[in-house]
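A quick write-up on the structure given underneath.
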Amino acid sequence: MTVNRELKTEEKEIESIDQQQADNTKVSEVLSNSFLTRWFKYVRLNKKQKKLYVEMAKHTNRDVDALKKTFNKEHIFEVEKFNFWYDHHSKHALKDVNMNIQRKKVTALIGPSGCGKSTFIRCLNRMNNQIDATSSEGRIYFDKGINLESKKLSTLELTTRVGMIFQKPSPFPMSIYENVAYGPRSHGINDKKILDNIVEESLKNAALWDEVKHNLFDLGTSLSGGQQQRLCIARAIALKPETLLMDEPTSGLDPIATSKIEILINHLKEHFTIIIVTHSMAQAQRVSDYTAFFWQGSVIEMGTTKQMFTSPKHKKTREYISGKIG
């Protein structure tokens, strides 16, 4: 009887440990999801798991809110073992990405379609957090070592400091002037003299002022494709961001418009950090200081652009640059 009682006690302890591990795993999975998905999954937890969730969330938040003390001031981003999934963990889009982005330099992201380049830059301003059923692991630190997931960094502050230029020009259906003034207005700047100065300075920095200064109240959508893209750049830099993310900004433009954007990028890097996704090997060599090669969600190699294109270290990089794969 004593032996049976001891065996039953041992079995209960094992079951208890197994259940505790199962609860820890389930709660950890819920915490790894984006905010919206996390909430829907939280309400399905049992009472014990919800209590565990609260305790784990406290520790997670303390860890997330802590500054990275070893953050290098020459970097604007430091990415550590970052993974990203779509569709409830069914699509592993980014795999253990480690990368340092140099401040006030141009970094080009190259690689075939679907390799994770655009997903990666959308992680740098939390844009992917708006997509349901996504989750991530790892760390992305910004500027002085603040974790991008920290509550101390609001989405408004982050999107102000990290501007985005999309593949297809997307001016608002309003005048050229109002396109550029939109951001400052949304931040409470309504003084006409201040707005006039911001609009002029931004359009000059986007190399568009001389072409539109007499037509500032024409619709932004009336401009050519290349001019629209430069207008979008002017709109982004009106808020004085530290970083500009560019997702194939010239893919739909003619060679002349593309050349103007590339000249502009070389000018803008004096004031901003630029991260550009491009499928053009020639463009990467013309505009970037550093290049990272993505392949199937992983960063295969990263280095100075000169080194990457003249003496790549990885076989896969050499094959992609030479056109053998991709």
For this session: Would you kindly identify the strands (runs of 3 or more DSSP E) lying entirely within the range 87-148 that contain at least 3 residues that are without any contact (Cβ under 8 Å) to a residue 40 or more places away in the chain and open to solvent by 20 Å² or more (accessible area, probe 1.4 Å)?
Result: none
For this session: Mind listing whichever residues of the range 313-326 are assigned to a helix (DSSP H, G or I) and open to solvent by less than 60 Å² (accessible area, probe 1.4 Å)?
Result: 317, 319, 320, 321
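Hey, can you tell me all the residues within the range 241-264 that are under 19 Å from residue 75 (Cα atoms) and not in a loop (DSSP other than H, G, I, E, B)?
Listed by number, the residues that qualify are 243, 244, 245, 246.
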Seminar exercise, completed: residue 310 vs (1) in contact (Cβ under 8 Å) with a residue 24 or more places away in the chain; (2) surrounded by fewer than 22 Cβ atoms within 10 Å (Cβ to Cβ): all pass except (1)
Exercise. Could you list, in sequence order, the residues of the range 268-295 that are part of a strand (DSSP E or B) and of a type in the set (Ser, Thr, Tyr)?
Worked result: 273, 290, 291
Seminar exercise, completed: If we keep only residues of the range 226-274 that are more than 18 Å from residue 205 (Cβ to Cβ) and touching a strand residue (DSSP E or B) at 6+ places or on another chain (Cβ under 6 Å), then the residue least open to solvent (accessible area, probe 1.4 Å) is 247
Seminar exercise, completed: Result of the Cβ filter at 7 Å on the range 272-291, keeping first residues that are under 21 Å from residue 116 (Cβ atoms) and partners that are among the basic types (Lys, Arg), at least 6 apart or interchain, is 273/103; 273/104; 273/105; 277/117; 290/105
Problem set entry | Filter result (over 11 Å from residue 148 (Cα atoms) and either at pLDDT below 95 or in a loop (DSSP other than H, G, I, E, B) (or both)) within the range 67-79 | 68, 69, 70, 71, 72, 73, 74
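Can we say residue 259 is within 26 Å of residue 292 (Cβ to Cβ) and touching a Cys at 6+ places or on another chain (Cβ under 7 Å)?
Values: within 26 Å of residue 292 (Cβ to Cβ): yes; touching a Cys at 6+ places or on another chain (Cβ under 7 Å): no.
Against the criterion (within 26 Å of residue 292 (Cβ to Cβ) and touching a Cys at 6+ places or on another chain (Cβ under 7 Å)), residue 259 does not qualify.
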For this session: Answer yes if at least one residue in the range 181-204 is in contact with a strand residue (DSSP E or B) (Cβ under 7 Å, 6 or more places away or on another chain), of a type in the set (S, T, N, Q) and surrounded by 14 or more Cβ atoms within 10 Å (Cβ to Cβ), and no otherwise.
Result: no
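Sort through 153, 158 and tell me the only one that's open to solvent by less than 10 Å² (accessible area, probe 1.4 Å), assigned to a loop (DSSP other than H, G, I, E, B), within 22 Å of residue 240 (Cα to Cα) and of a type in the set (A, V, I, L, M, F, W, C).
153
The values are calculated or read from the model by the stated rules, or taken from the named source; none is laboratory data. Fair warning: this is a prediction, and the values are worked out from it, not measured in the lab. Don't worry about glycine lacking a Cβ; one is built from the backbone with ideal geometry, like all the others, and counts go over all protein chains shown. In case anyone asks, the SASA skips ligands and DNA or RNA and just uses the protein heavy atoms, side chains included. Shrake-Rupley method; radii C 1.70, N 1.55, O 1.52, S 1.80 Å.
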